[in-house]
Amino acid sequence: IGGLVIYVACFAFGLGPIFWLLISEIYPLTLVGILGRAGTFWFYGVIAIGAGIFLYLLVPETKGKMLEQIEAHWRVGQSPRSL
């Protein structure tokens with residue numbers, strides 16, 4: 001655990017957060033320039049709704065399931081919602 005804490009602390013002081021900062025600064029401004037403020041808001045809203053639909057339909061709930069049960073379910077080829 002100590003090694004993990006040291007790694008995360010060093011990552012936080014290094015270049016790791018810089019890329020996330022650049023992405024958060026560049027992309028919204030680019031989108032606002034192209035779509036406008038309202039268009040950018042609706043664009044992010046549509047992405048969020050799409051992500052919710054994806055999660056609901058394709059990501060199964062595995063709480064209380066053993067790894068062997070999940071693996072057997074996928075090997076048979078059943079749908080994610082039936083797990």
_What number comes out for accessible area per residue over the chain if the probe is 1.4 Å? Units Å², please._
87 Å²
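In what order, largest first, do 46, 32 sit by accessible area if the probe radius is 1.4 Å? The partial results should precede the final answer.
Details: 46 100, 32 55 Å².
The most accessible residue leads, giving 46, 32.
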*So what are the ³J(HN,Hα) numbers for segment 40-49, from phi and the Karplus equation (6.51, -1.76, 1.60; θ = phi - 60°), rounded to whole Hz, Gly and Pro as x?*
5, 4, 5, 4, 5, x, 5, 4, 5, 5
*asked:* Tell me the mean residue ellipticity at 222 nm calculated for the chain from its helices only (DSSP H runs of n ≥ 4, each -39500 (n - 2.57), averaged over every residue, nearest 500).
replied: -27500 deg cm²/dmol
_Computed over the chain: relative contact order in percent, which uses C-alpha pairs under 8 Å that are six or more apart_ = 20 percent
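Specify whether the C-alpha gyration tensor of the chain places it in the rounded, prolate or oblate class, a ≥ b ≥ c being the square roots of the eigenvalues: rounded for a/c under 1.5, otherwise prolate if a/b is larger than b/c and oblate if not. Kindly include the intermediate steps, with their values, before the conclusion.
Details: a/c = 4.22, a/b = 1.28, b/c = 3.29.
Oblate, because a/c is 1.5 or more while a/b does not exceed b/c.
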*List, in order, the whole-Hz ³J(HN,Hα) value for each residue of segment 50-57 obtained from phi through the Karplus relation with A = 6.51, B = -1.76, C = 1.60 and θ = phi - 60°; use x for Gly and Pro.*
x, 5, x, 5, 4, 4, 5, 8
*Each residue of segment 24-33 in turn: what ³J(HN,Hα) in whole Hz from Karplus with 6.51, -1.76, 1.60 and θ = phi - 60°, glycine and Pro shown as x?*
5, 8, 7, 5, x, 5, 4, 5, 5, x
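The values are calculated or read from the model by the stated rules, or taken from the named source; none is laboratory data. These figures come from a predicted structure and were not determined experimentally. Surface areas here come from the heavy atoms of the whole protein model, side chains and all, with no ligands, DNA or RNA. Shrake-Rupley method; radii C 1.70, N 1.55, O 1.52, S 1.80 Å.
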